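The values are calculated or read from the model by the stated rules, or taken from the named source; none is laboratory data. This structure is a prediction, so every number in the text was calculated from the model and none was measured. Here Cβ is always computed from backbone atoms with ideal geometry, including for glycine, and neighbour counts include all displayed protein chains. We work out accessible area using only protein heavy atoms, side chains counted, and drop any ligands, DNA or RNA first. Shrake-Rupley method; radii C 1.70, N 1.55, O 1.52, S 1.80 Å.
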Amino acid sequence: MTQKYFFCLILSLLFQSLSYAQDHSLRIEYNSLMRIVQESPTPYQAQLTLQIDGNQSLFYQKNDTLESMFKGHPPIIRVHPQMIKKNFPQDGVLTFKDELSRIPFYYTEPIPNFDWDLLEEDSLICEYPCKKAKTTFRGRTWIVWYTEEIPISDGPWKLCGLPGLILKAIDSKGDFSFSAYKITHQPSDKNVKFSLKNYKKTTPQQYAKDVVAYRKDREGWEESVTGKRQPVVIMDGKRYKSPSETACLMEYFDEE
């Protein structure tokens, strides 16, 4: 793909996406597999949501729903702390937030510029004809299927930059995958909030390092961050320390 063609494609796609998104609120539900640690024999299964409203989108996971203890009040929606919001706090920027051992972190970065290779293969997902593309980004190779019938340059996680919505994405190692199973025209769920209050600012590189250190030695990592040593769990008269694990990251950064 030449630079001139790619630049024209992105400009055309941007205008199409803005025009389409202004009149549509979309909710895409994905079945997902995520390997949290290398030692895990099977990936963690989850259902994640990509909510698109205007030119912004929010990618998140609902954990479950708790019935309210107070009569007449709606159920309480529990949401996984990790979220990604694109074009926030301004266009061209994404905000990522998460918690490690209930310590909240967030970072902002420019929305990645993926170098996509368009492939000669198609599929049908959620009744939408999809084309295939491939890219390598921060240590992982992703293969995706996108539909031009929904001309929004977005997708699960940080993935975006194609002439249509990404409905399926898998990484070549089989550690992560997202597959759409439901698409509806719905506005944002008012129970899902995106707030950075009391969150500690970090960077993508430092967050990745923290995840690696946290999985390797949770108690030691918590002490380095909070200055307090968490007690070792005592069960049946025996002392248990969190196991040392190898984090399975979605993106890897070169050492600075």
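In this structure, does S177 turn out to be open to solvent by 40 Å² or more (accessible area, probe 1.4 Å), under 26 Å from R35 (Cα atoms) and at pLDDT 95 or above? Show your work before the answer.
On the way: open to solvent by 40 Å² or more (accessible area, probe 1.4 Å): no; under 26 Å from R35 (Cα atoms): yes; at pLDDT 95 or above: yes.
Here the answer is no, as S177 does not meet what is asked.
Restricting to segment 183-204, what's the tally of residues that are open to solvent by 60 Å² or more (accessible area, probe 1.4 Å) and under 18 Å from R138 (Cβ atoms)?
So the count comes out to 1.
On the basis of being in contact (Cβ under 8 Å) with a residue 60 or more places away in the chain, over 24 Å from V79 (Cβ atoms) and not aromatic (F, W, Y), does L118 make the cut?
Considered against the rule, which asks whether it is in contact (Cβ under 8 Å) with a residue 60 or more places away in the chain, over 24 Å from V79 (Cβ atoms) and not aromatic (F, W, Y), L118 comes out as yes.
Answer yes or no as to whether Q61 is closer than 29 Å to D217 by Cα, open to solvent by less than 20 Å² (accessible area, probe 1.4 Å), assigned to a strand (DSSP E or B) and modelled with pLDDT under 95. So that I can check it myself, show each step before the final result.
Details: closer than 29 Å to D217 by Cα: yes; open to solvent by less than 20 Å² (accessible area, probe 1.4 Å): yes; assigned to a strand (DSSP E or B): yes; modelled with pLDDT under 95: yes.
Yes.
So the check is Cβ under 6 Å with 6+ separation or different chains; which pairs have a first residue in segment 213-228 that's small (G, A, S) and a second one that's open to solvent by 50 Å² or more (accessible area, probe 1.4 Å)?
Listed pairs, sorted by first residue: none to list.
Quick grid of which residues meet (1) at pLDDT 95 or above; (2) within 17 Å of K197 (Cα to Cα); (3) open to solvent by less than 30 Å² (accessible area, probe 1.4 Å):
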{"position": "R102", "(1), (2), (3)": "no, yes, no"}
{"position": "F105", "(1), (2), (3)": "yes, yes, yes"}
{"position": "W116", "(1), (2), (3)": "yes, no, yes"}
{"position": "C126", "(1), (2), (3)": "yes, no, no"}
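Considering each residue of segment 134-152, count those that are charged (D, E, K, R) and over 14 Å from K173 (Cα atoms), and give that number.
Qualifying residue count for the region: 2.
List, please: which pairs have Cβ atoms under 9 Å, are six or more places apart or on different chains, and start with a residue in segment 42-55 that is over 25 Å from A247 (Cα atoms) and end with one that is open to solvent by 30 Å² or more (accessible area, probe 1.4 Å) and of a type in the set (A, V, I, L, M, F, W, C)?
G54/L18; N55/L18
Could you pull out the residue among K168, K134 that is modelled with pLDDT of 95 or more, under 16 Å from the mean Cα position of the chain (by Cα), open to solvent by 30 Å² or more (accessible area, probe 1.4 Å) and basic (K, R)?
Being modelled with pLDDT of 95 or more, under 16 Å from the mean Cα position of the chain (by Cα), open to solvent by 30 Å² or more (accessible area, probe 1.4 Å) and basic (K, R) holds for just one of K168, K134, which is K168.
Just to be sure, is S188 in a strand (DSSP E or B) and either at pLDDT 90 or above or among the small types (G, A, S) (or both)? Steps first, please.
Working: in a strand (DSSP E or B): no; either at pLDDT 90 or above or among the small types (G, A, S) (or both): yes.
It is false that S188 is in a strand (DSSP E or B) and either at pLDDT 90 or above or among the small types (G, A, S) (or both).
So P243 clears everything in (1) surrounded by 11 or more Cβ atoms within 10 Å (Cβ to Cβ); (2) of a type outside the set (S, T, N, Q); (3) over 20 Å from R35 (Cβ atoms); (4) at pLDDT below 90 except one condition, right? Which one?
Answer for P243: the failing condition is (3).
Those residues that are among the hydroxyl-bearing types (S, T, Y) and part of a strand (DSSP E or B), I need them from segment 91-146; list them, please.
Within segment 91-146, T95, Y106, Y107, T108, S123, Y128, T135, T136, T141, Y146 meet the criteria.
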